[in-house]
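These notes are about the structure you will find just below.
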Ligand code: FAD
Ligand code: MLT
Ligand code: ZN
């Protein structure tokens, strides 16, 4: 495990669980909603990368907004810290306890409440697994405007709370545009209904945006949210992803059944382009034309076009499989940066020079969004390597006016680094908002805000 948690002190004003607390939770959730099982807790205490590990003794599984509200109301009155948890696929240590926080797991709140085919508005609970929503909408002839490699496990509440970008942002935009409304439960248990379905409503502050990307630090995205699904229309670009040859090598070496669709010549970069249209032959013709033109113009040296849906998913498997391949390769230092596109790869190369043979430095990401995933892979975690990477990577990003978190959030990993991307006055304002909505600081402590301002 990484050594980050060791640098944070447990906030002494938080209470520790006692048997009365457990009895109360059993009263409101029933025996089944109160999990003390060690194996279950070991999984819930550990993040996807196996990098952060908490020591929570309790996981709660509410089934309704009312239950979330009762849990938070009680935890707030007892000053018990809480970590909201969705699919636990987050990559910055935000979804697991740092110490003994109570885990509020949203998995049982997984109902689709309604879908309106005329407006394309979907209303569902926060614990719905993304892939289930994608399949549901696909069956209705609609497209979910969000897709990401973790779709089989991540939940829509987690996606909203991290403002996940994913693979189709280039076409459909961010969740700030696609989420039309939210219901959230605040730290004191109050339920805030921001579920308005109006497309235009300028009556003051649009508060739902505060919760999109707030990483569980301001409220729990609970019963419903509204998502604008997009009709399958037009032959517009829907994904523009890139990976370098080292990323491809990792996938080919560590994942079973993955094949390079191109002849095994060494190419430095690979681009995965996807279009989504309503007229397949016409779409294909356009893509073929593009490929030919790009090759003639010397922009690309080779290319392959998926002939059917199976081939298309095998191409996607390469791109989506990179995080999994990195995990299988050993320890990974993950950086998720927004940078000017023309500067993006300079950082990868500089990092390679800096670390020489001590690590495998790979670059991939959402080129269409200017989002580089710089990943440094080593056999095991090593603080010596970390000091060569940080703060260099943050300073470099700040110097080029980039963002130190394009889409994964700050979590525990980057809470103290926020100043590289946000001015002090903005961070102070964020801390004031946090204080107002969660005066005792029980919601996802030690995350997002710098530790100097968060207790
Ligand atoms: P969790 O990991 O459980 O939680 C993430 C954060 O949200 C935590 O701070 C948690 O406290 C909070 N949270 C969770 N549920 C709620 C809720 N209901 N209310 C309030 N707070 C909540 N991210 C991208 O942006 N783009 C990608 O392309 C992408 N691809 C990925 C691919 C893989 C293989 C993996 C493992 C991760 C990827 N991610 C990506 C990271 C991404 O943040 C998550 O996958 C996803 O958005 C998190 O959802 P989750 O349900 O797993 O949330
Ligand atoms: C991706 O784009 O694959 C995800 O954000 C996960 C990662 O960065 O590893
Ligand atoms: Zn990504």
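A short reminder: the numbers here are calculations on the coordinates, not readings from a lab. It should be emphasised that the depicted structure is a prediction, and the values quoted were computed from it without experimental measurement. Note: ideal-geometry Cβ built from the backbone for every residue, glycine included; neighbour counts use all protein chains shown.
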With the contact rule set at Cα under 8 Å and sequence spacing of 6 or more, what percent relative contact order holds for the chain? 16
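Can you put 220, 113 in order, fewest other beta carbons within 10 Å first?
Working: 220 30, 113 13.
Sorted ascending by nearby Cβ count, the order is 113, 220.
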Using a basic spin-label model with each label point 7 Å from the Cα along Cα→Cβ, how many nm lie between residue 398 and residue 278? 5.0
Quick one: P(r) of the chain from all Cα-Cα pairs, 10 Å bins, percents rounded to integers, in order of increasing distance. 4, 20, 30, 26, 15, 4, 1, 0
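Arranged by the count of other C-beta atoms within 10 angstrom, fewest first, what order do 184, 179, 427 take? Don't jump to the answer; show the numbers that get you there.
Details: 184 28, 179 24, 427 17.
Ascending Cβ contact count within 10 Å gives the list 427, 179, 184.
Quick check: residue separation of residue 341 and residue 237 times 0.36 nm, minus the Cα distance between them. What number comes out in nm?
On the way: separation 104, 0.36 × 104 = 37.44 nm, distance 1.78 nm.
Between residue 341 and residue 237, full extension yields 35.7 nm more.
With both bridge residues required to lie in the chain, what share of the DSSP beta bridges run antiparallel, to the nearest 5%? List each step's numbers first, then the result.
Details: 50 of 58 bridges.
Bridges in the chain are about 85 percent antiparallel.
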Consider all pairwise Cα distances in the range 31-145 and report the whole-number % of them above 24 Å. 35
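Stretched out fully, how many nm does the piece from residue 310 to residue 451 gain, at 0.36 nm a residue minus the Cα gap? Walk me through the numbers on the way to the answer.
Numbers: separation 141, 0.36 × 141 = 50.76 nm, distance 4.75 nm.
Full extension of this stretch gives 46.0 nm more.
How big is the Cα convex hull of the range 235-420 in projection, averaged over all directions, in nm²? List each step's numbers first, then the result.
Working: hull surface 46.7 nm².
If you wrap the Cα atoms of the range 235-420 in a convex hull and average its projections, you get 11.7 nm².
Students often check this: by mean Cβ neighbours within 10 Å, which of 65-72, 439-446 ranks highest, and how do the rest follow? All intermediate terms of the calculation are to be shown ahead of the outcome.
Working: 65-72: 22.2, 439-446: 24.1.
The peptides rank, most packed first, as 439-446, 65-72.
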Can you sort 417, 39 so the residue with the fewest Cβ neighbours within 10 Å comes first? 39, 417
Inter-part gap, Cα centre of the range 371-391 to Cα centre of the range 16-83, in whole angstrom, is 33
Evaluated over the range 115-188, the Cα radius of gyration and Dmax, each in Å: 12.1, 40
With the calculation restricted to Cα positions, what are the radius of gyration and Dmax of the range 399-455 in angstrom? 11.4, 37
Projected-area average for the range 364-430 over all orientations - Cα convex hull basis, square nanometres: 5.5
Calculated from DSSP helices alone, with each H run of at least 4 adding -39500 (n - 2.57) and the total divided by the residues of the chain, [θ]222 nm to the nearest 500 comes to -9500 deg cm²/dmol
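If Rh is defined by the Kirkwood formula over all Cα pairs and Rg also comes from Cα, what ratio Rg/Rh do you get for the range 234-299?
Numbers: Rg = 14.1 Å, Rh = 13.7 Å.
Over the Cα atoms of the range 234-299, Rg/Rh equals 1.03.
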